[in-house]
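Please read the structure below before turning to the comments.
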Amino acid sequence: MTDTAEANRERIHQFWEALYTRDWDALATFFDEGSEYTDVCSPVDDVARGPTQVVARLRLGLENLAGYEHDLRLVVAEGDAVVTEHTETWHWRTGEQVTLPFVSVQELRGGTIARWWDYWDLQTLMNAAPVWWIEEISVGYR
């Protein structure tokens, strides 16, 4: 795949589609062993590396949600970088829900997401999340 801003922008649109349909197998294809993903609000050493860890981390938080919606607001691509402003509305099976604003920064190399940093407010999530879900994710994905 050619590394142009427009190709990278399209690749990230494909990525969001796979993520919000929870197509875990398709998601793995966006990463390679050198890829890194983290939530900036988590500890600095809490970085998922490679497709297996990245998908496991995503599944940990998202798989047991009753539903969630994605609202893309702005996607900006320049060179290898794609920046997305978006919200996710999470619904838990026990009725709780929250809308989380995000800014995602992704750097691509040859169509692969090499680096993905998510910027969002952890307290917004923790104030809304049910205790059972917090206990589930506290076990971790490793």
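The values are calculated or read from the model by the stated rules, or taken from the named source; none is laboratory data. Not measured: the values here are computed from a predicted model. Here Cβ is always computed from backbone atoms with ideal geometry, including for glycine, and neighbour counts include all displayed protein chains.
Values for this structure:
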item: Only one of Q106, Q97 that is more than 23 Å from H13 (Cα to Cα) and modelled with pLDDT of 95 or more; result: Q97
item: Conditions (1) of a type in the set (G, A, S); (2) more than 13 Å from the chain's Cα centre (by Cα); (3) under 27 Å from E136 (Cβ atoms); (4) crowded, with 17+ Cβ neighbours inside 10 Å; number of the one not met by A66; result: (4)
item: Among the candidates V98, V105, residue that is closer than 16 Å to D118 by Cβ, of a type in the set (A, V, I, L, M) and in contact with a helix residue (DSSP H, G or I) (Cβ under 6 Å, 6 or more places away or on another chain); result: V98
item: Residues within segment 31-81 that are in a strand (DSSP E or B), hydrophobic (A, V, I, L, M, F, W, C) and within 15 Å of L19 (Cα to Cα), tallied; result: 1
item: Matching entry among E107, E88 (being more than 16 Å from G61 (Cβ to Cβ), surrounded by 14 or more Cβ atoms within 10 Å (Cβ to Cβ) and of a type in the set (D, E)); result: E107
item: Qualifying residue in segment 115-131 (condition: assigned to a helix (DSSP H, G or I), over 14 Å from the mean Cα position of the chain (by Cα) and of a type in the set (S, T, Y)); result: yes
item: Any chance R11 is part of a helix (DSSP H, G or I), touching a strand residue (DSSP E or B) at 6+ places or on another chain (Cβ under 8 Å) and within 29 Å of A128 (Cα to Cα); result: no
item: Residue in segment 73-90 that is of a type in the set (S, T, N, Q), modelled with pLDDT of 95 or more and under 18 Å from L27 (Cα atoms) present; result: yes
item: Enumeration of residues in segment 82-103 that are part of a strand (DSSP E or B), in contact (Cβ under 8 Å) with a residue 24 or more places away in the chain and of a type in the set (V, I, T); result: V82, T84, V98
